[in-house]
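So the structure is just underneath, and the comments pick up after that.
Every read-out reported here was derived from the displayed coordinates using simple, explicitly stated rules and does not represent laboratory data. No experiment lies behind these values; they were computed from the predicted model shown. All Cβ positions, even for glycine, are placed from backbone atoms using ideal geometry, and neighbour counts span all protein chains on display.
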Amino acid sequence: MLGKTFAGILLGLPLSMALISFVIWVWPHSSESVFIPMMVAFFPLWIGIMAATYLFRSGARAWAWLAVANVAAFAALFLAKHTLPGL
Amino acid sequence: MKASTIRTFTTVHTWTGLLAGFALFIAFYAGALTMFHEEIDAWALPKAEMARADTMDRAHAMLADIVAKHPAAAEQIGVTYPADHPSHEVAAYWMEKNGDWKTQSLGEAAPRDSEDHEHGLADFVYELHYDLGIPVVGIYLMGVVSIVYGLALLTGLLIHLPNLARELFALRPGHNLKRLWQDAHNVIGILSLPFHIVFAITGALLCLTLVTLVAFNTLTFDGKVMGAFERMTSALPASQGKGGSAPMLSPAELGARARQAALAAGAANFDPDYMRYMHYGQQGATAEVRGTSAKTLGEYGAVALDAIDGHVINVQLTGARDANHATYSAIFGLHFGTFGSLSLRWLYFLLGLAGAFLFYSGNLLYIESRRKRRSAEQPMKVRAMATATVGVCIGACFAISTTFLGNLVGPLFGAEPTAIVQPVCFTAFAGAIAWTFWRRPAKAAVDLLFATAAVSVAVGVLDVVVHHDRLLRTLAEGRYTVLGVDLVAIATGAGFAWLGVATRRRAVDGDPCSVWSSRREQAKQHTRELQEA
């Protein structure tokens, strides 16, 4: 339980930041035009990830899957940053 | 949903609720009162009078004087417009070279630190709402509490989801008290869920704006967020001062022009409350006037103008703004309940009190679920929880009522209201906690509820007695603010007295095998009989 809790807090935070940033970055026309609405979505997303983390069978699996998701999200963000104008 | 999943979410809901519940109780109780911030402010400071006709002309002169003495202020200097509640000063704000924000209000000869201002009762209650009265870190603590609260809301909804439709309007009074509390907790939680979602999200955003921006700025946006955020939330485009010198239009004139532009853009009205100059006194100087409009979700809007000739550069207000400005303004509108009239403020007030009840009933459910049904002695965790719940929650109600009383009585003994509200509140709160430890929660709850009732009634009655001349004057002028605060104080007292009577009945007549029973001897006897049988 505690393992999942900390996975949700510590890995859920960068994951939700990367996902939100990715959506802002790939938003068509102007990334800046949706920045604040996306910031509103940030805390609910993090909270949703924290709650969903409890669905993993064990703490170790939660850490592993969230780590993979983080790598994927930051890789996608890295690609977006190098191909699109952004803010 | 699988039974094990529901069990997991129940555990999460319990612990997040316990973790955040105490802070949220105080935040919701103080926040409900803050819906009437201006009324309380007018009530609390009877001597202060504002809004002289020439106020803004004097402000214009003060700004010129400040910029002459503090050249760094020319880069950016702001000033508030008068509002019709007493603790609202007309004051200038600017940043010195070393990055410190300074302020100087009308009538002051020298600037002071912008953090350093005295707080009236209404401002103090507002501070309790967003930082529990804890300086510096309190607001970040409340931001974290908001996130934990969000998690508690989501898990609470998920575990209740299978029974949601069937039990929505179930409120089953009867022998099983836990059932009744559970029903009450669920129905209030579900019916006010949209309100709570709004508060979990906007609460976290308002407390953690800066932290969030800094995190995104460094982690994902390579330092570009801060400049962009300025563009997303203000009406002023970035500009450079062009040096030289130029006469500035006055804040009053710029405010009037901003209102004209706002009305032309379709706003129902526009009341300026703050404005700032960029590059004050130089060629290329600009100004932004911020103000509020009715009939929109986000009441705040802004108009950017040229500070020399007064032509409109940009308009960002209701009906004429982009998604960023609209969302940013809506965050404030939704949180502060400013998108409607007086009835909306009453609705927020009631929902705020219902929210406080939600957190209180959550703690009661924790205690009731872990109660030993056949023993007078209850487990340590149950006793600790009962002590904390009574001490912190009812103690906070007692402390806030006592602060109102202190604000009223203090000046009769020569004390300055702004100087005593904080010590009175903290002393009363500490006293209530100590009392709860000493008397045990069952008796302390009754004592504190009756004490809160007595103090609240005294607030209303004493104000009528002490300030009867003011009451008559305001009524003659057709203003019902003062009378309203007095009546609500008395009504609150009646409410607490009713809770006290109910709690006393429970302590005396209720099941003796409970932390809420005051009949310890009888309960022990009962336990012995049970053991013998």
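Structural remarks
- Separation of alpha-carbon centers, the stretch A:67-87 and the stretch B:213-271, rounded to whole Å: 32
- C-alpha long axis of helix A:12-26 to longest principal axis of chain A, angle in °: 20
- Whether the protein assembly as shown is rounded, prolate or oblate, judged on the alpha carbon gyration tensor where a/c under 1.5 counts as rounded: oblate
- Nonlocal amide H pairs with B:I313, under 5 Å, H built at 1.01 Å: B:A304, B:L305, B:D306
- For the stretch B:370-533, the alpha-carbon coordinates run over 73, 28, 22 Å along the three principal axes, in decreasing order.
- Shielding by partners, peptide B:425-438 (average Cβ within 10 angstrom, other chains): 0
- Rounded if a/c under 1.5, otherwise prolate or oblate - chain B, Cα gyration tensor axes: prolate
- The stretch B:370-533 - charge dipole about Cα centre, Lys and Arg +1 at Cβ, Asp and Glu -1, debye rounded to 20: 1000
- DSSP H segments from chain B that extend 30 Å or more along their own axis, Cα-based, with Kyte-Doolittle mean of 1.6 or above: B:138-160, B:193-219
- Shape call, the stretch B:306-452: gyration tensor on alpha carbons, a/c limit 1.5: oblate
- Extents of the stretch A:2-83, taken as max minus min of Cα coordinates on every principal axis and listed largest first, are 42, 24, 15 Å.
- Partners for B:K381 among lysines (Cα-Cα distance below 21 Å; same-chain residues under 8 apart left out): B:K178, B:K372, B:K443, B:K524
- Burial ordering of B:K69, B:K102, B:K2, fewest other beta-carbon atoms within 10 Å first: B:K2, B:K69, B:K102
- Counting only other chain Cβ atoms within 10 Å of each residue's Cβ, the peptide A:46-52 averages 6.
- Neighbour counting of Cβ atoms within 10 Å sorts the residues B:R470, B:R112, B:R290, fewest neighbours leading, into B:R112, B:R470, B:R290.
- Computed [θ] at 222 nm, helices only, for chain B once each DSSP H run of length n ≥ 4 contributes -39500 (n - 2.57): -20500 deg cm²/dmol
- Among B:S375, B:S401, B:S343, B:S514, the ranking by other beta carbons within 10 Å of each residue's beta carbon, starting with the fewest, stands as B:S343, B:S375, B:S514, B:S401.
- Across the stretch B:96-103, rounded Karplus estimates of 3J(HN,Hα) from the backbone phi angles (6.51 cos²θ - 1.76 cosθ + 1.60, θ = phi - 60°) give 6, 4, 7, x, 7, 7, 10, 9 Hz, Gly and Pro being marked x.
- Rounded to whole Hz, the Karplus (6.51, -1.76, 1.60) HN-Hα couplings of the stretch B:237-245, x for glycine and proline: x, 4, 8, 10, x, 9, x, x, 9
- Taking each DSSP H run with n ≥ 4 as -39500 (n - 2.57) and averaging over every residue of chain A yields -24500 deg cm²/dmol at 222 nm.
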